[in-house]
1. If you check B:ILE116 against the conditions, is it at negative phi and either within 14 Å of another protein chain (Cβ to nearest Cβ) or touching a Ser or Thr at 6+ places or on another chain (Cβ under 7 Å) (or both)?
2. Residues that are under 24 Å from B:MET1 (Cα atoms): list the strands (runs of 3 or more DSSP E) wholly contained in the stretch B:76-146 that include at least 1 such residues.
3. Answer yes or no: is there a residue in the stretch A:87-101 that is closer than 15 Å to A:VAL31 by Cα, touching a Ser or Thr at 6+ places or on another chain (Cβ under 7 Å) and within 14 Å of another protein chain (Cβ to nearest Cβ).
4. Could you list all residues from the stretch A:154-178 that are surrounded by fewer than 23 Cβ atoms within 10 Å (Cβ to Cβ) and more than 18 Å from B:GLU168 (Cα to Cα)?
5. Can you name the number of the only condition in (1) closer than 23 Å to B:LEU189 by Cα; (2) modelled with pLDDT under 95 that B:LEU154 fails?
6. Among the residues of the stretch B:114-146, what is the count of those that are surrounded by fewer than 16 Cβ atoms within 10 Å (Cβ to Cβ) and without any contact (Cβ under 8 Å) to a residue 24 or more places away in the chain?
7. Would you point out which residue out of A:TRP245, A:TRP258 is modelled with pLDDT of 90 or more, more than 28 Å from A:SER12 (Cβ to Cβ) and not assigned by TED's automatic domain parsing to the domain that holds A:ARG13?
8. What is the one condition in (1) over 20 Å from the mean Cα position of the chain (by Cα); (2) among the charged types (D, E, K, R); (3) within 14 Å of another protein chain (Cβ to nearest Cβ) that A:ASP37 does not satisfy?
Amino acid sequence: MPRTSIIIATHSRPQLLPKAIESARAAGSDVEVVVVDDASSDETANVCRSLSGINYVRLDRNQRVAGARNVGLVASRGEYLTFLDDDDTRLPGSLDEQVEALDREPKAGMIYGQAIRGDEIGNAAQFLFPRTCPQGDIFWKLLGRNFIPCGSALFRRRCLSSVGLLDSSVPGVDDWDLWVRIAGIYPIMAVEIPVIIWRRSNPASGQGTSQAANLVSLGVRQFRNCWMNLPRARTASKRTRRAAWRAFSENMAEHLLWESARALRRGRPGQSLRDLSVLPRLSPLSLMRIVEHRILGVPQTGIPEALGFV
Amino acid sequence: MVTISVIIPTHDRPHLLPRAVESARTAGSNVEIIVVDDASTDDTAEVCRGLKNITYVRLERNLGVAGARNVGIMNSTGKYIAFLDDDDLRLPGSLDAQAALMDQNPEAGFVCGAMIMADQEYQPTGEVFLPNSSGDVFWDLMELDFPVMPLSTLIRKECFLRLGLLNEKLLGIDDWDILTRIAEIYSVLVVEEPMGVYRKPTPSSAQGSSWQSAQLRRAARHQLQLLKLPRAREAGPRKRREIRRRTINRIADTLLWSAAHGFRLRESRAVCANILGALRLNPLRAARPGAYKKLAKQLFVKRAIGT
């Protein structure tokens, strides 16, 4: 039985996948690599079959990322689990370090680390996300913004048995949602070292930007319908809940402003308007608070980081 | 070596659960029983501690049946998966019989069987439901013309790895959704013997039928998604329209029929919900006088008894 399972959900990206798989193998000892092919229509299947020593699962019908990751969770056998996107890279040895740390703290449910922003072909650039890694009870912080890079988080299988699998109805926010649910029950640990390299999305790859408006509305729905109904949030005081909503709103508003500016720079006014149209669904004071924070110089997160990717 | 994993999601029913667990145990050898406690707030946890040889998983937040079943699938080690509700029963030997049949037919995705209907005290009401066809049942399932319930069904675990897990957002119809998706690419086996006992809800037990109208309308809505499956797409718009029309009519008829039934039980709220539901689905169908024959008959019979 392998100790750790790395779950890689992939869809029609055979040129990037082998690099991700190689990095996953080198990331630790006693690792099982589970590749879930989300009904790719190209040569992904052949590429995977040529690689030995991976647990290859092929979906016949496209389930989107969260659905495919869930299938990976079912197919995996490790006690510790982590996801890796098919275009990201795990750093060598990074997994062993996290496993060791998590072993020392049997109460903790999850450990995460930093991500290096890479360029479009996945080579490391200079800056790290998140700059500092809060630890312990981070439930309320996590409600405000997602500072956990998806591929950096390593969690115990038994966490899923108490919080459930990924929610496939919120594609793109599904990882954040899982972290929130885990953090609602378990203390979270972190290693303040880079563990993965993120590939930066470019406009042509259609990764983050085109969906900013959509993601924020999903996030708002999830915040209201699910997160605020978690036992932890329900028993909290009204004030705490309101503060969480404000922090969430502010970060989402910042994200939307940033994305809409980016869209405008690229000459896509329609996209820019669509991003701005979600703003009224957030707390009405969030725009004011952004200005306030800028003027007062209260240290805020780097603008594009609100959703934990860009 | 475990071959069959029986997944029993439970929520606040410690008085019924042990009976369901026992029935699953006698239904097969090489069976592992996984009880997923969907954030019960009563003494379910203690009751489960008293049950020997089960895998007990406790969810800290209520996820609903589908979410709990998914967690059960993740914890399962068997080759076949059976879902059982905490108030239903499996019949002795039924799992072994179905597993043997599945072993012989590796191309089959799931096997279903006859179901005995019972009242709240597990006394058979005399009704037995049996699926009317086997093999390729994709269109029957799509049309809601295939009586199948999870409690009489054994599913190959591989199906979940090829088609994805249950959809947590489909309250009450997650099983119909997954079985239809499985039937799209796998063949289906039927055992004619009864495999399980279904404890029929009454409107007052708050178990289901009070939401029947909502559930069937949800099914009607979700069918539009299922009609996007590749096989339905290939069948062409004409076939899809025909299927759609028949389903809507069937649902409207079912709602009116159970409105008539509810009338006898003096469940006026359920009756109204059902008739309104039928009208919303297909006003023309519900406006057909014949549809109310049963309702009128109930009314008449009741009057006759009254006088």
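The values are calculated or read from the model by the stated rules, or taken from the named source; none is laboratory data. Keep in mind that this is a model prediction, so the values were computed, not measured. When we count neighbours, we look across all protein chains shown, and the Cβ atoms used for this are built from the backbone with ideal geometry, even at glycine.
1. Spelling it out, it is not the case that B:ILE116 is at negative phi and either within 14 Å of another protein chain (Cβ to nearest Cβ) or touching a Ser or Thr at 6+ places or on another chain (Cβ under 7 Å) (or both).
2. Working: elements: B:80-83, B:108-118, B:124-129.
Counting at least 1 such residues, we get B:80-83, B:108-118.
3. Taking every residue of the stretch A:87-101 in turn, none turns out to be closer than 15 Å to A:VAL31 by Cα, touching a Ser or Thr at 6+ places or on another chain (Cβ under 7 Å) and within 14 Å of another protein chain (Cβ to nearest Cβ).
4. Residues satisfying the conditions are A:ARG156, A:ARG157, A:ARG158, A:CYS159.
5. Looking at each condition in turn, B:LEU154 falls short on (2).
6. 5
7. Step by step, each of A:TRP245, A:TRP258 is checked, and only A:TRP245 is modelled with pLDDT of 90 or more, more than 28 Å from A:SER12 (Cβ to Cβ) and not assigned by TED's automatic domain parsing to the domain that holds A:ARG13.
8. (1)
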